[in-house]
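Only one structure is covered here, and it is reproduced in the block below.
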Amino acid sequence: MLPTYRTLTPSSVRRSLRVREKFLILLLFATLAFVCFGGLFYLPDNFVNSDKVIEVYKKIQSAGPEIEEIFIPAPPISRQHHQHGIDGNENDDQLDGDKHIQNDRNRFYAKIQGDDWAAAEGGHLEKPQSKPQANDLPLMSSSMSEKRAAESPVGGVGVADAPDLQFTSIPSGEDSDPVARERRNKIREMTTFAWENYKLYAWGKNELRPLSKRAHTGSIFGSYDLGATIVDGLDTLYIMGLKQEYQEAREWIARKFSFKNMSAELSVFETNIRFVGGLLTLYAFTGDPMYKEKAQEVADKLLPAFQTPTGIPNALINLRTGYSKNYGWASGGSSILSEFGTLHLEFAYLSDVTGNPVYRERVLNIRQLLKDIPKPNGLYPNYLNPKTGKWGQQHISLGALGDSFYEYLLKAWIQSGQSDETARQMYDEAMEAIVSKIIQTSSGGLIYASDMKFDRLEHKMDHLACFSGGLFALGAATKQDQNSEKYMDIGKGITNTCHESYIRTATHLGPEAFRFNEGAEAKALRAQEKYYILRPETFESYFILWRLTHDQKYRDWGWDAVQAIEKYCRSPGGFSGIKNVYLEDPQKDDVQQSFFIAEVLKYLYLLYSDDSLLPLDEWVFNTEAHPLPVKGNPLYRQALSQTNNP
Ligand code: DMJ
């Protein structure tokens with residue numbers, strides 16, 4: 001049968017054409033809209049692995065730093081990511097600038113390739129269902145985070161009713177002083193706020209960019225999505241009794257966190273203090289074997305870095321090949337004192353909980369070499385060549401490149417239940433040399449730790465060195481000898497100086513480094529020393545000094561800084577560092593560092609808790625503020641038998 005057609009009059013033709021025209025125009029617009037918006041939406045994927053994007057980036061770079069900054073804002077300074085690696089590197093501005101560019105390049109590659117990797121690996125774990133998704137959640141407001149914080153029971157006991165996990169009780173530590181309680185509640189609210197925003201914008205990635213509301217993947221994490229904020233911050237959530245957040249994070253670690261099949265190049269030191277340390281604390285708190293297994297998985301990936309002629313590990317390791325190397329800039333291929341000297345607590349404890357002695361053997365070998373090697377004037381230079389076993393450039397510092405090596409000597413002794421006499425002896429001798437050569441008093445009466453380069457003092461103190469106020473005090477309080485009183489005074493003096501470095505700024509936040517020359521007293525002189533990247537060291541010393549003296553001023557100093565952080569670092573998308581502490585209206589750097597939750601908020605919370613929460617004779621804090629049990633603490637969880645097999 002043939003089709004039948006209606007007879008068309010001219011007017012019906014016109015009418016039907018109009019409808020068709022309208023439809024065609026609509027179609028045209030829809031196609032245009034799809035091409036424009038769809039193209040924009042899919043832009044990163046289209047360019048994954050494409051050299052074109054990198055070429056464009058290079059052109060932006062060659063156009064000069066100002067243009068580049070518009071497109072790819074640089075971090076305040078490269079030491080943000082390699083604080084142990086780059087800090088103190090000759091203080092060469094040009095060098096710092098170059099590393100800035102290198103960091104930018106790394107981050108840019110990471111942005112392109114990291115997304116690709118995440119997709120290939122099935123992406124990170126979906127955002128926890130307990131919270132609304134990005135599309136339907138208005139920005140987490142203070143009142144929302146206050147509500148969440150208030151809902152949470154106080155202290156670790158709050159998580160005890162989770163049926164699927166083993167929990168242990170740590171006391172809530174709620175202080176009898178109502179002011180301290182109120183302040184502690186505020187810290188818990190800040191933590192909830194920082195965490196919720198990380199969850200909302202960067203879940204499973206390493207860190208949060210609170211202003212641009214996206215992920216930040218620092219090069220110290222090998223540009224891979226390792227969930228650094230989750231692993232680093234989780235023990236803080238546990239301590240604060242943030243049960244729901246804890247459970248979501250625990251799930252993510254159990255299901256997604258793995259170092260298997262990764263080709264990332266990671267910092268041995270950073271991986272150890274943040275990931276191995278964080279996981280071991282969670283194991284001690286909970287007894288959950290998952291954490292121990294993950295800690296061991298990570299540490300095993302670091303072991304090839306120790307395969308050097310001396311056993312001093314290299315700084316960087318490729319997780320897939322096991323190939324390790326040192327930073328190109330580090331004094332003729334040297335390893336860094338603060339990096340290879342800051343493995344002991346985690347590795348020794350890992351041996352004890354797994355029964356595998358290999359980890360302790362590796363760090364004891366480092367210890368032995370450092371004990372035997374001749375030391376110039378009893379001092380430990382920051383660089384040591386792992387091939388020859390000889391010192392590199394003779395720079396000495398309690399700040400960048402040296403800092404936590406000294407910390408781990410004292411803390412290894414504390415961790416061992418004060419039985420590791422070698423560690424205490426090395427600590428005492430090192431500090432005697434430091435006190436006689438490095439510790440200075442300014443013309444204005446401020447005690448500070450200067451740097452030394454080839455026998456010449458540089459009258460500058462890094463913010464990083466502010467941890468040493470607490471260290472001197474802890475060393476003095478744990479052993480009575482002819483030096484204890486003097487060292488306690490030095491500890492108090494350094495902490496006071498760091499406080500001065502805070503209150504001598506417009507923001508009441510401390511600069512990255514401050515000087516005691518050219519008319520300066522605890523003030524930064526150079527532009528690249530004026531930033532604050534949410535560092536914890538000063539709060540760490542306030543906390544230790546508070547516990548040891550119960551002098552109210554430490555709590556008040558901490559509170560002054562909390563208010564400053566609220567005023568200058570908080571934004572609707574989380575907390576950020578600032579670029580110049582001396583300006584009334586400083587620019588933010590758009591990074592919520594993983595150590596903000598891991599360290600800053602934890603130390604502040606403890607500052608306003610009573611002494612029953614993580615007492616200093618039962619717990620020892622690793623350099624990333626992860627508390628590890630002291631031998632004799634029932635939560636030490638020593639394995640019953642020692643075996644050579646992991
Ligand atoms: C942290 O990663 C650790 O405290 C480390 O020891 C040095 N400093 C950063 C934070 O400033």
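At a threshold of 8 angstrom on Cα-Cα distance, excluding pairs fewer than six apart, so keeping six or more, what relative contact order does region 437-515 reach in percent? Numbers along the way, then the final one.
Values: 108 pairs, mean separation 23.1, N = 79.
It comes to 29 percent, rounded to a whole number.
With only alpha-carbon atoms in the gyration tensor, what are the semi-axes of the equivalent ellipsoid for region 340-479, in Å, largest first?
Equivalent ellipsoid semi-axes, largest first: 27, 18, 12 Å.
Local charge sum around Ser172 (other residues, Cβ-Cβ under 14 Å, Lys/Arg +1, Asp/Glu -1)? Display every interim value, and only then the final one.
Working: positive: Arg181, Arg184, Arg188, Lys243; negative: Glu174, Asp175, Asp610, Asp611.
Every neighbour counted, the sum reads 0.
Rank by packing, highest mean first: peptides 191-201, 551-561, with packing defined as the count of other Cβ atoms within 10 Å averaged across residues.
Packing proxy ranking, top to bottom: 191-201, 551-561.
Ranked highest first by the average count of other Cβ atoms within 10 Å around their residues, in what order do 204-215, 367-378, 222-233, 471-482 fall? Display every interim value, and only then the final one.
Numbers: 204-215: 21.8, 367-378: 13.7, 222-233: 26.6, 471-482: 19.5.
Answer by packing, highest mean first, reads 222-233, 204-215, 471-482, 367-378.
When the expected Rg is taken as 2.2 N^0.38 Å, what fraction or multiple of it is the alpha-carbon Rg of region 352-395?
This ratio for region 352-395 stands at 1.43.
So for region 526-582, what are the equivalent ellipsoid semi-axes in whole Å, largest first, each being the square root of 5 times an eigenvalue of the Cα gyration tensor?
Listed largest to smallest, the semi-axes of region 526-582 are 24, 14, 9 Å.
Can you tell me what the convex hull of the Cα atoms of region 505-646 projects to on average, as an area in nm²?
Result: a mean projected hull area of 12.3 nm².
Using only the alpha carbons of region 186-265, what is the convex hull's orientation-averaged projected area in square nanometres?
Projected over every direction and averaged, the Cα hull of region 186-265 covers 5.5 nm².
What does the highest-first list of 494-506, 445-457 look like by mean Cβ count within 10 Å?
Highest mean packing first, the order is 494-506, 445-457.
Could you list, bin by bin from short to long, the percent of Cα-Cα pairs of region 311-416 in 10 Å steps?
Values per bin, smallest distances first: 15, 46, 32, 7, 0.
Using alpha carbon coordinates only, what is the Rg to Rh ratio of region 247-286, with Rh defined as the Kirkwood radius?
Working: Rg = 11.4 Å, Rh = 11.4 Å.
Using Cα coordinates only, the ratio equals 1.00.
Could you tell me the distance between the Cα centroids of region 335-385 and region 514-536, to the nearest Å?
Answer, in whole Å: 31.
Local charge sum around Ser324 (other residues, Cβ-Cβ under 15 Å, Lys/Arg +1, Asp/Glu -1)?
Net charge around Ser324: +1.
Quick one: check the C-alpha center-to-center distance for region 569-592 versus region 396-429, whole angstrom.
34 Å
Using a probe radius of 1.4 Å on heavy atoms only, what accessible surface per residue do you get for region 574-646? Whole Å² is fine.
34 Å²
Of the accessible area of region 552-646, with the probe set at 1.4 angstrom, what percent is carbon plus sulfur?
Whole-percent figure for carbon plus sulfur exposure: 48.
Taking the Kirkwood radius as the inverse of the mean 1/r across Cα pairs, report the Rg/Rh of region 267-311.
Working: Rg = 11.7 Å, Rh = 11.0 Å.
Radius of gyration relative to Kirkwood radius: 1.07.
Take the residue pairs Lys453/Lys486; Lys213/Lys243; Lys186/Lys588; Lys301/Lys437; Lys375/Lys530; Lys530/Lys631 and return only those whose Cα atoms are more than 30 Å apart. Each step should come with its number before you reach the end.
Numbers: Lys453/Lys486 26 Å; Lys213/Lys243 25 Å; Lys186/Lys588 22 Å; Lys301/Lys437 39 Å; Lys375/Lys530 34 Å; Lys530/Lys631 41 Å.
Over 30 Å Cα-Cα: Lys301/Lys437; Lys375/Lys530; Lys530/Lys631.
Roughly to the nearest percent, how much of the accessible area of region 279-428 is carbon and sulfur, given a 1.4 Å probe? Intermediate results must be reported in sequence, preceding the final value.
Details: 2060 of 4330 Å².
Answer for region 279-428: carbon and sulfur cover 47 percent of the accessible area.
With 20 Å as the limit, write out which pairs from Lys205/Lys294; Lys199/Lys256; Lys260/Lys411 have Cα-Cα distances beyond it, or answer none.
Beyond 20 Å between Cα atoms: Lys260/Lys411.
Expressed as a rounded percentage, what relative contact order does region 332-424 have, with Cα pairs under 8 Å and six or more residues apart?
34 percent
Report the far tail of the P(r) of region 443-574, meaning the percent of Cα-Cα pairs longer than 19 Å. Intermediate values should be presented prior to the final figure.
Working: 4316 of 8646 pairs.
In whole percent, the share of Cα-Cα pairs in region 443-574 beyond 19 Å is 50.
The values are calculated or read from the model by the stated rules, or taken from the named source; none is laboratory data. Quick caveat, the model's predicted, so the values are computed rather than measured. With ideal geometry, Cβ positions are generated from the backbone for all residues, glycine too; neighbour counts draw on all protein chains shown. What goes into the accessible areas is simple: the full protein's heavy atoms, side chains included, and nothing from ligands, DNA or RNA. Shrake-Rupley method; radii C 1.70, N 1.55, O 1.52, S 1.80 Å.
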